[in-house]
Amino acid sequence: MLLIKNTGRFRKIPSKKFIWLEGVFKSFRFQHKVEDLFKNEVLIETESGNYWLPIQNSLESFWHEELKISDYALIYIRAYGSTYEKTSDKWLFTINSFNSNYYDGLWEEALNSFNEKDSFNGLNCVNKLIELDPKDGRNFSMLGFYYYDKGYPSNIELLKKADSLYTKAIELSPNYSYVYYQKALVKMQLAEYSKAWDNIELARNLGEENIKKNKLVELENKLPYEKYLIIKD
């Protein structure tokens, strides 16, 4: 997966690259021939330079419809290797899918990566999201989830790091209901049970529906809700 900028430039795959792809397809014993899948390539702009990458025939019309020049997109590539050609033809990669809604695509990719314990990819995605929009509190909330998950159940330093990121997320996006539930969970691990209930209440008031019952039971066992109400008053 790569975040790229569309240059709008297309061309027919050069004969030398086409021959290389044919060799790759034969060596991997793919069922399809190169010409069945690829005809043209697109020049994409990345942080490390511009590259010509073959794009699947079935994607071309969608690429033209959904992307304007200088629009960002997420592309999903298959990497076959590199060549000794000039820089723009260096990588023998093919574009097998793309997502013009790059921001939400990155967000989903980051969340899935963290859930699958792929912290390297998850952190790369969330850091890119923060770079793209440093005012979106959801991004800091997701980064907080990474530290909460890593610090659970008793690494105080990491749990406090998560707590501070949740605080920042709330400052930036006060109507994002899920972050209050996240903050409640970390407060439970920090034994700050009254503050945990505070955040559960805030999440409920904003209509958060993903509050897990077993976590409420766990919090109830630490500090009964009725007692919390007395303390709160």
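The values are calculated or read from the model by the stated rules, or taken from the named source; none is laboratory data. Computed from a predicted model, the values in this text were never measured in an experiment. Note: ideal-geometry Cβ built from the backbone for every residue, glycine included; neighbour counts use all protein chains shown.
Scanning region 20-56 for residues that are in contact (Cβ under 8 Å) with a residue 24 or more places away in the chain and either small (Gly, Ala, Ser) or not assigned by TED's automatic domain parsing to the domain that holds THR83 (or both) yields a single hit, GLY49.
TYR84 falls short on exactly one of the conditions (1) under 30 Å from TYR147 (Cβ atoms); (2) in a loop (DSSP other than H, G, I, E, B), and that condition is (1). Restricting LEU106, LEU59 to residues that are touching a residue at least 60 places away in the same chain (Cβ under 8 Å) and of a type outside the set (Lys, Arg) narrows the list to LEU106. Taking the listed residues ALA169, ALA184, the one that is touching a Gly at 6+ places or on another chain (Cβ under 6 Å) and closer than 30 Å to ILE130 by Cβ is ALA169, with no other qualifying. Residues that are touching a residue at least 40 places away in the same chain (Cβ under 8 Å) and of a type in the set (Val, Ile, Thr): does region 165-182 have at least one? Yes; the residues of region 165-182 include at least one that is touching a residue at least 40 places away in the same chain (Cβ under 8 Å) and of a type in the set (Val, Ile, Thr). Beta carbons closer than 8 Å, at least 6 apart along the sequence or on distinct chains, pair a first residue in region 6-19 that is assigned to a strand (DSSP E or B) and loosely packed, with under 13 Cβ neighbours inside 10 Å with a second that is modelled with pLDDT of 95 or more and not hydrophobic (A, V, I, L, M, F, W, C) for ARG11/ASN40; ARG11/GLU41; LYS12/LYS39; LYS12/ASN40; LYS12/GLU41. When region 113-162 is filtered for residues that are over 22 Å from GLN189 (Cα atoms), exposed (fewer than 15 other Cβ atoms within 10 Å of the Cβ) and in contact with a Gly (Cβ under 9 Å, 6 or more places away or on another chain), only GLU116 remains.
Each residue in region 73-112 was checked for being surrounded by fewer than 20 Cβ atoms within 10 Å (Cβ to Cβ) and more than 19 Å from ASN6 (Cα to Cα), and 12 pass.
Would you mind stating whether PHE93 is within 17 Å of ILE13 (Cβ to Cβ) and outside any loop (DSSP other than H, G, I, E, B)? Judged against the criteria, PHE93 is a match. Tell me, please, whether a residue that is among the polar types (S, T, N, Q), in a helix (DSSP H, G or I) and over 16 Å from LYS86 (Cα atoms) can be found in region 39-56. The answer is no; no qualifying residue exists.
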